[in-house]
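Below is a structure I'd like to ask you about.
The values are calculated or read from the model by the stated rules, or taken from the named source; none is laboratory data. This structure is a prediction, so every number in the text was calculated from the model and none was measured. A quick note on method: Cβ atoms are made from the backbone with ideal geometry, for glycine too, and the neighbour counts reach across all protein chains shown.
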Amino acid sequence: MTDSIAAQAHYQVRFGRGAEALAVVAAAADVIVYVDVLPGLDGEFTLPGESGVPSIRADLATRTAAAEWMLAQQVARGSRVSVAVIAASDGAEDTLGAGAVIDALAQLGIDFSSPEAAVVCAAFTSLEKAVGHLLTASVAGRALVEAGRADLVSAASGIDSRQAVVA
């Protein structure tokens, strides 16, 4: 995975998965958007903000807010800023969430995406209308529903339902 992130350095929008990608990407991107659609399932990762890389957490509910945050970083610097969108896991929920963030970036004109980022974005755009069902039917979603947390899964599927991102 380390090589995959490094190989994407040519692109403005990059994509990776999991703790390893999060650990190495601080040296390979200007900003990080960490996507965790169903928090707590994948363990807690510390965002690499202490390394000086601006980092936020995002999900389906904050995808547009995350893209706007990234654009604000670029405007503040006055030059193109590279972004690494990191999915917390390889689960369907985090793949869709990362794709949603990448799609929101593209809608703002930030669309020089690596092939890896483009594929994840295409997964979201082609399945956007089925997100609610896919979250409840995913392995993680089913586990939460069976544990009595259907409310958490339902809330997580609300695309652009929150306007704040967490740094």
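Which count do you get for residues in the stretch 52-94 that are within 15 Å of Leu134 (Cβ to Cβ) and in a loop (DSSP other than H, G, I, E, B)?
The number of residues fulfilling the criteria is 4.
Applying the selection to the stretch 94-119, what residues are closer than 26 Å to Ala140 by Cβ and among the charged types (D, E, K, R)?
Result: Asp94, Asp103, Glu116.
Restricting the first residue to the stretch 25-42 and requiring it to be over 14 Å from Val166 (Cα atoms) and β-branched (Val, Ile, Thr), which pairs with a second residue that is modelled with pLDDT under 90 and surrounded by fewer than 23 Cβ atoms within 10 Å (Cβ to Cβ) meet a Cβ separation below 9 Å and a spacing of at least six or different chains?
Listed pairs, sorted by first residue: Val25/Pro48; Val25/Val53.
If you don't mind, another one. In the list Gly109, Gly97, which residue meets the criterion of being in a loop (DSSP other than H, G, I, E, B), of a type outside the set (S, T, N, Q), farther than 22 Å from Ala7 by Cα and at pLDDT 95 or above?
Among Gly109, Gly97, only Gly109 is in a loop (DSSP other than H, G, I, E, B), of a type outside the set (S, T, N, Q), farther than 22 Å from Ala7 by Cα and at pLDDT 95 or above.
Which pairs do you get when a residue that is within 15 Å of Gln12 (Cα to Cα) and in contact (Cβ under 8 Å) with a residue 60 or more places away in the chain, found in the stretch 104-130, comes within reach of a residue that is among the acidic types (Asp, Glu) and in a loop (DSSP other than H, G, I, E, B), reach meaning Cβ atoms under 8 angstrom, with the pair 6+ apart or on two chains?
Cβ pairs passing all conditions: Leu105/Asp111.
Have a look at Ser157, Ser138 and point out the one that is of a type in the set (S, T, N, Q) and touching a Leu at 6+ places or on another chain (Cβ under 8 Å).
Working: Ser138 fails: touching a Leu at 6+ places or on another chain (Cβ under 8 Å).
It is Ser157.
Every residue, every condition in (1) modelled with pLDDT of 90 or more; (2) touching a helix residue (DSSP H, G or I) at 6+ places or on another chain (Cβ under 7 Å); (3) surrounded by fewer than 24 Cβ atoms within 10 Å (Cβ to Cβ); (4) not hydroxyl-bearing (Ser, Thr, Tyr), yes or no:
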{"site": "Ile5", "(1), (2), (3), (4)": "no, yes, no, yes"}
{"site": "Gly49", "(1), (2), (3), (4)": "no, no, yes, yes"}
{"site": "Glu68", "(1), (2), (3), (4)": "yes, no, yes, yes"}
{"site": "Val83", "(1), (2), (3), (4)": "yes, yes, no, yes"}
{"site": "Ala87", "(1), (2), (3), (4)": "yes, yes, no, yes"}
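Of all residues in the stretch 112-133, which are hydrophobic (A, V, I, L, M, F, W, C) and either within 15 Å of the chain's Cα centre (by Cα) or part of a helix (DSSP H, G or I) (or both)?
Residues of the stretch 112-133 hydrophobic (A, V, I, L, M, F, W, C): 112, 117-124, 127, 130-131.
Passing the criteria: Ala117, Ala118, Val119, Val120, Cys121, Ala122, Ala123, Phe124, Leu127, Ala130, Val131.
Among the candidates Ala100, Ala123, which residue alone is under 24 Å from Ala72 (Cβ atoms) and of a type in the set (Gly, Ala, Ser)?
Ala100
Within 15 Å of Ile159 (Cβ to Cβ) and aromatic (Phe, Trp, Tyr): does that describe Phe112?
No.
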